[in-house]
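Student: This is the structure I have questions about; it appears just below.
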Amino acid sequence: MKSWKDILGMNSRMIDYIIKANPRESIRIANNKLATKKILQKNGIPTPRLFATIRRKSELTSFKWTRLPPSFVLKPNSSSGGGGIAVIFGRNKKGNWVKADKSEMFAPELRGHILDILDGNFSKGNVPDTAFFEQRVKIHADLKPYSIKGIPDIRVIIYNQVPVIAMLRLPTKESGGRANLHMGGIGVGIDIATGTTTTAIQNRQPIDKIPHNRLPIAGVQIPHWDEILLLACRASLACGLNYVGVDIAIDREDGPLILEVNARPGLDIQFANLAPLKSRLKRVEGLKPKSLEKNIRLAKNLFGGEIEHEIEEISGHTILAIEEQVIVFDREGKQFPLLAKVDTGAYRTSIDENIARKLGVDRPIIIQKDVRGGLGKQTRPIVALSFLLRTRKIATEVSLVDRQHMKYDMILGRKDLRGFFVNPNKLR
């Protein structure tokens, strides 16, 4: 496993590497949130809805506040790192706007904030800027337990139209409800193949539990994962960016929405994944894209399960999926493949009695009576059986069950899983 020192050492070389990937005009568009939104929407790529735009102070003077819905987000057009963003969560019983902490915000305060935006207080080089109001994303129920007073988002880095690395960014109390790692937000690595979370950092220190409720971070399934990867690839193509970080939030009603694109995204995503980025970029450099769907399948094959491989190397234990292809041996030693379910809740391995009869291994050693299982209380014959799981041959005793109407011909119980780890979120 790469150390953080190794990853840090690559950052200076990485910057030289990535700034050559994008045309200047595409970078200019990426730095303009409204221009990016226009291009994405033109290409049928979902973004938060735009409510209003204020480009000059004269427009602010005549602005009709009644045009705004109860909840919205106010953003500068050219800021970076989340600077200048104000989020209004709704109205209270008195009809006043309220923020995440339930404090009130009135029109004069909003007007002053917009003046700061127009004056360029949040833009690069303090050049005059544009303010705009857009849809406030409402947090997806699956991610709500992991966030405080804000909306989590997913950053996917695309290179050569291939997703190479991704992370979930979680708002915290320390970050003031913003999904910003430099303010104390949490960065969580995501397995490209499965869309499940892996390792995590806060303030560049590894953590394994959410600070406010102690929930485990690893193993969280990101909703709409395949759709997120496809949207990120489509955004890269639409914006003409060969190397880009695409930020996506998941609205509980509208699904994944692209918040913005970054032509030069930060490199903290490496720390969240404990994986250097440059080596991943090199693996898809020079690739001639055929279709975005094929590129996504390639990414899953190239980058999925890298953390698992490293865990296997360190621990010496193979990590199993919940479905495994096994090779069962008949009485004469011939091999027959079967699809088995890994079930750590079952003590003993079981196999369909009809298959055992065909294999000639149905002669009972003992009869096990009054066994409780998913099929109720049963009497089960126990037979000797040998099978191959990954590269290990296992000689054991299994129970016979009528499984002809079930998905799996075989259940692998924990008695035969010694020396393996099981990832319950992973299919074959």
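The values are calculated or read from the model by the stated rules, or taken from the named source; none is laboratory data. Please read these numbers as outputs of a predicted model, since none were measured by experiment. Backbone-built Cβ (ideal geometry, glycine too); neighbour counts: all protein chains shown. With ligands, DNA and RNA removed, areas are computed over all heavy atoms of the protein, side chains included. Shrake-Rupley method; radii C 1.70, N 1.55, O 1.52, S 1.80 Å.
Student: Conditions: (1) open to solvent by 10 Å² or more (accessible area, probe 1.4 Å); (2) within 30 Å of Thr36 (Cα to Cα). Asp208 meets all but one. Number of the miss?
Tutor: Evaluating Asp208 over (1) open to solvent by 10 Å² or more (accessible area, probe 1.4 Å); (2) within 30 Å of Thr36 (Cα to Cα) leaves (2) as the failure.
Student: Also, quick follow-up: For Val137, indicate whether it is part of a loop (DSSP other than H, G, I, E, B), open to solvent by less than 60 Å² (accessible area, probe 1.4 Å) and either aliphatic (A, V, I, L, M) or closer than 30 Å to Pro216 by Cα (or both).
Tutor: On the way: part of a loop (DSSP other than H, G, I, E, B): yes; open to solvent by less than 60 Å² (accessible area, probe 1.4 Å): yes; either aliphatic (A, V, I, L, M) or closer than 30 Å to Pro216 by Cα (or both): yes.
So Val137 passes the test.
Rundown of residues vs (1) at pLDDT 90 or above; (2) hydrophobic (A, V, I, L, M, F, W, C); (3) open to solvent by less than 80 Å² (accessible area, probe 1.4 Å), yes/no style:
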residue	(1), (2), (3)
Asp362	no, no, yes
Phe387	yes, yes, yes
Lys393	yes, no, no
Asp409	yes, no, yes
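Student: How many residues, within the stretch 107-149, are farther than 22 Å from Thr172 by Cβ and among the hydroxyl-bearing types (Ser, Thr, Tyr)?
Tutor: 2
Student: Give all pairs with beta carbons closer than 7 Å in which a residue from the stretch 266-291 that is within 26 Å of Ala218 (Cβ to Cβ) meets a residue that is acidic (Asp, Glu) and at pLDDT below 90; count only pairs at least 6 apart in sequence or on separate chains.
Tutor: Sorted first by the residue in the stretch 266-291, then by its partner, the pairs are Ala275/Glu306; Pro276/Asp6.
Student: On the given criteria, is Val188 in contact with a Lys or Arg (Cβ under 9 Å, 6 or more places away or on another chain), surrounded by 19 or more Cβ atoms within 10 Å (Cβ to Cβ), touching a residue at least 12 places away in the same chain (Cβ under 8 Å) and closer than 25 Å to Ala321 by Cβ?
Tutor: yes
Student: Can you say whether Thr197 is in contact with a strand residue (DSSP E or B) (Cβ under 9 Å, 6 or more places away or on another chain), assigned to a strand (DSSP E or B) and either modelled with pLDDT under 90 or not aliphatic (A, V, I, L, M) (or both), as far as the supplied structure shows? Please lay out each step first, then the result.
Tutor: On the way: in contact with a strand residue (DSSP E or B) (Cβ under 9 Å, 6 or more places away or on another chain): yes; assigned to a strand (DSSP E or B): yes; either modelled with pLDDT under 90 or not aliphatic (A, V, I, L, M) (or both): yes.
Yes: the conditions hold for Thr197.
Student: Got at least one residue in the stretch 259-281 being hydrophobic (A, V, I, L, M, F, W, C), under 28 Å from Leu34 (Cβ atoms) and open to solvent by 10 Å² or more (accessible area, probe 1.4 Å)?
Tutor: Of the stretch 259-281, the ones hydrophobic (A, V, I, L, M, F, W, C) are 259, 261, 263, 267, 269, 271-272, 274-275, 277, 281.
Then keep just the ones that are under 28 Å from Leu34 (Cβ atoms); that gives 259, 261, 263, 267, 269.
From what is left, the residues that are open to solvent by 10 Å² or more (accessible area, probe 1.4 Å) are 259, 267.
Within the stretch 259-281, one or more residues are hydrophobic (A, V, I, L, M, F, W, C), under 28 Å from Leu34 (Cβ atoms) and open to solvent by 10 Å² or more (accessible area, probe 1.4 Å).
Student: Here's a follow-up. Across the stretch 241-299, what is the total count of residues that are assigned to a helix (DSSP H, G or I), within 22 Å of Arg169 (Cα to Cα) and among the aliphatic types (A, V, I, L, M)?
Tutor: Of the residues in that region, 6 qualify.
Student: Let me ask something else about it. Go through (1) more than 15 Å from Leu259 (Cα to Cα); (2) polar (S, T, N, Q); (3) surrounded by 17 or more Cβ atoms within 10 Å (Cβ to Cβ); (4) touching a residue at least 60 places away in the same chain (Cβ under 8 Å) for Ser236 and report which single condition fails.
Tutor: (1)
Student: Right, something else. Based on what the data block shows, is Gly125 surrounded by fewer than 12 Cβ atoms within 10 Å (Cβ to Cβ) and assigned to a helix (DSSP H, G or I)?
Tutor: So Gly125 passes the test.
Student: While we're looking at this one, here's another question. Just a yes or no: is a residue in the stretch 155-178 among the hydrophobic types (A, V, I, L, M, F, W, C), under 17 Å from the mean Cα position of the chain (by Cα) and open to solvent by 20 Å² or more (accessible area, probe 1.4 Å)? Please lay out each step first, then the result.
Tutor: Within the stretch 155-178, the first condition is being among the hydrophobic types (A, V, I, L, M, F, W, C), and the residues that meet it are 156-158, 162, 164-168, 170.
So of that shortlist, the ones also under 17 Å from the mean Cα position of the chain (by Cα) come out as 156-158, 162, 164-168, 170.
Cutting the leftovers down to open to solvent by 20 Å² or more (accessible area, probe 1.4 Å) gives us none.
No, the stretch 155-178 has no match at all.
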